[in-house]
Structure formats: C-alpha cells, structure tokens
Amino acid sequence: PAAMLSVLRERKYLIETFASASLYTPAFNETVFTTFNNLRFRSRGNDAVQRDEACIEDFEKMLQKRNSQKFFSFIFFDNVHGFNLPKDAPHPFKPCTSVNYMNLKNDSDPTEFFNLYKNAVLYADSNIKKVLDLLDKYNIGDNTIVIITADHGQEFNENKLNF
C-alpha cells in the first residue's frame, strides 16, 4: 500500500474511499489500497453524476459518525471523464453538445466539444465546493488538508490524430 496510508492506519486514522469511478480500473485496489479490505471501491448510481452525488452524501455521513476521529478520505469524482453533468446544471459555455468520437475528423470544429468539457469541469468544481462546505459545516475546514488532483486532461484533436 501507499506509505502514507500505512502510517495513517498505524496512527488510527479512519480511512474511507468515496469513488465514483471504480477503483478496480485502474487497479487502485491492488496498489494504493492493496491491504485495505473494508473500503468501498465503487459507488451506487446509474451514471457519473449520480455516483458523484452519492460520494458527497456518503462523505457527509462519515463526517457525522466519525466522533472527532482523525480521518483520511479519498474522494474520486468522475463526471468530467465522460462529460457528464445534469441538464439543470449551469451551461455558461455555449454552444455545447455531446460529440460522437467516431464522427471526429481533422477538420472537425472542437468548439462544442470543448464547451461541453468546460461545463463538466464547472460542475465538478461545484462538487468540490460542496465537499469544502461540508468541512466548514462540521467545523473542521480550518484543521483539514485538502489535496485536489485529476486523473488526466482531455485532447481536442490538437495533434490531428482524430482523438
């Protein structure tokens, strides 16, 4: 397992995962969390938006029951990966529409695709704000370290390879 997680476990931290994307692919269950058998490696929901919302709900439930125990949480949102966001979420970047990857060509205009991506990122930012607001709600925001990362960026056919 990751050295940091081993030390946190030795120091009796509550360790929880809230993953919208499966932690089986990539194999986080066999690498970073390899010796943690009691962690949740996938979330309920029919799509990334529902799974991301479930992560936030379950994170709050953990905060409610932790009884001031120190904790480490891994929250892994997935909506940006599939350009998913609710229809009623803000869509300030227009025009935007879903794009069929099979129809992309070197002369395809990436504007609508890129705008959809930016709207999905904006929605992900709102989910991060919900998590930060929960830390403040439970009066631990000033005593918590938050690390925000992403798994990868998105290509918009800049290299003219049709992906």
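The values are calculated or read from the model by the stated rules, or taken from the named source; none is laboratory data. The structure presented is a predicted model; accordingly, all values stated were derived computationally and were not measured. Heads up, the Cβs are rebuilt from the backbone with ideal geometry, glycines too, and the neighbour counts pull from every protein chain shown. The accessibility values were calculated without ligands, DNA or RNA, using every heavy atom of the protein model including side chains. Shrake-Rupley method; radii C 1.70, N 1.55, O 1.52, S 1.80 Å.
Structure notes:
- Cα-projected label distance for residue 64 with residue 81, points at 7 Å along beta-carbon direction, nm: 2.8 nm
- In this calculation the C-beta distance from residue 4 to residue 57 is compared with R0 = 22 Å, giving a FRET efficiency of 0.25.
- Backbone HN-Hα couplings from phi across region 94-109 [Karplus 6.51/-1.76/1.60, Hz, Gly and Pro as x]: 10, x, 9, 7, 6, 10, 7, 4, 5, 8, 6, 9, 4, 9, 5, 7
- Volume in Å³ per residue [convex hull over Cα atoms, computed for region 48-124]: 104 Å³
- Volume per residue that the Cα convex hull of region 1-81 spans, once the total is divided by residue count, Å³: 90 Å³
- Total lysine pairs whose alpha carbons fall under 16 Å of each other in the chain (8 or more apart, or interchain): 10
- Counting only alpha carbon atoms, the long axis of helix 48-65 and the longest principal axis of the chain meet at about 20°.
- Computed from the C-alpha gyration tensor, the three semi-axes of the ellipsoid equivalent to the chain are 33, 19, 13 Å, from longest to shortest.
- Paramagnetic reach from residue 139 in region 65-82 [backbone N under 19 Å; point 7 Å along Cα→Cβ]: 65-71
- If a spin label sat at a point 7 angstrom from the Cα of residue 31 along the line to its beta carbon, the backbone N atoms of region 135-156 nearer than 17 Å would be those of 149-153.
- Dipole of region 1-135, positive direction: furthest Cα of 31, 101, 83, with charges on the beta-carbon: 31
- Spacing of the two label points (7 Å from each Cα toward its C-beta) at residue 114 and residue 24, in nm: 3.8 nm
- Helical mean residue ellipticity (222 nm; -39500 (n - 2.57) per DSSP H run of 4+; nearest 500) of the chain: -11000 deg cm²/dmol
- Top of 76, 59, 93 by mean-square fluctuation, Gaussian network on the chain, Cα under 10 Å: 93
- Overall Cα dimensions of region 85-163 - principal axes, largest extent first, Å: 52, 27, 16
- Between the Cα long axis of helix 111-137 and the first principal axis of the chain there is an angle of about 20°, rounded to the nearest 10.
- By accessible area, using a 1.4 Å probe on protein heavy atoms only, region 40-163 has 52% of its surface on carbon and sulfur.
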